[in-house]
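Written out below as structure tokens is the structure these notes cover.
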Amino acid sequence: MQYCPCGSQKNYIECCGVFIEGKKKPLTPEALMRSRYVAYTQANMTYIAKTMKSPASDHFDAKLSGKWAKKVEWLGLEVKASSFQNTKGFVEFIAHFKENKKSAFIHERSEFHCENGIWYYVDGVHLA
């Protein structure tokens with residue numbers, strides 16, 4: 001069994017794989033955020049671009065992001081907090097990776113909006 005890189009301890013195909021392959025839509029901001037993390041581990045910028053809206057998408061460079069995603073070693077994801085109400089949600093997470101043999105992380109509070117039953121990443125604030 002191939003575990004999902006999102007850290008759920010579930011099989012990839014039954015976890016984020018169904019979202020990335022377009023078989024299902026994430027029902028929560030956390031599910032979308034986890035699948036976006038997995039897409040980064042795969043350098044799948046098509047999925048990343050498809051799951052974001054403005055203002056996050058305004059300056060997104062898929063080519064540059066894909067190059068970066070391929071050169072880092074993804075080490076794991078920690079979800080610190082997750083909440084949503086109606087059509088707005090937030091997920092705080094830490095994504096661990098190695099870049100140029102140095103450990104690093106992204107600590108972010110991401111904002112998600114739901115439009116017509118589909119969740120999108122719209123913004124994020126980097127935390128210390």
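Note down the nm distance, to one decimal, between modelled labels 7 Å out along Cα→Cβ at Asn116 and at Lys10. Those two pseudo-labels are separated by 2.5 nm. GNM remark for the chain: springs join alpha carbons under 10 Å apart, and the peak mean-square fluctuation among Lys71, Lys88, Lys25 falls on Lys71. Candidates (1) 43, 30, 29; (2) 42, 35, 28; (3) 51, 34, 25; which is the computed Cα extents along the principal axes in Å? Here Cα extents along the principal axes in Å agrees with entry (2).
Taking GluC sites (Glu not before Pro) that fall in a DSSP loop and have at most 15 other Cβ atoms within 10 Å as cut points, what is the longest piece of the chain between them?
Details: sites that count: Glu14, Glu21.
Longest site-free region, per DSSP loop and neighbour criteria: 22-128.
Under 5 Å between amide hydrogens, built in the peptide plane, is the criterion, and for Ala43 it picks out nothing among residues at least 5 positions away or on other chains. When a 1.4 Å probe is rolled over the protein heavy atoms, the share of accessible surface on the chain that falls to carbon and sulfur comes to 50 percent. Applied to region 75-91, the Karplus parametrisation 6.51 cos²θ - 1.76 cosθ + 1.60 on θ = phi - 60° returns per-residue 3J(HN,Hα) values of 10, x, 10, 10, 8, 8, 7, 8, 7, 7, 9, 6, 10, 9, x, 9, 9 Hz, with x for Gly and Pro.
The values are calculated or read from the model by the stated rules, or taken from the named source; none is laboratory data. No experiment lies behind these values; they were computed from the predicted model shown. Glycine also receives a Cβ, built like all others from the backbone with ideal geometry; neighbour counts cover every protein chain displayed. These area figures cover heavy atoms from the full protein model, side chains too; ligands, DNA and RNA do not enter into them. Shrake-Rupley method; radii C 1.70, N 1.55, O 1.52, S 1.80 Å.
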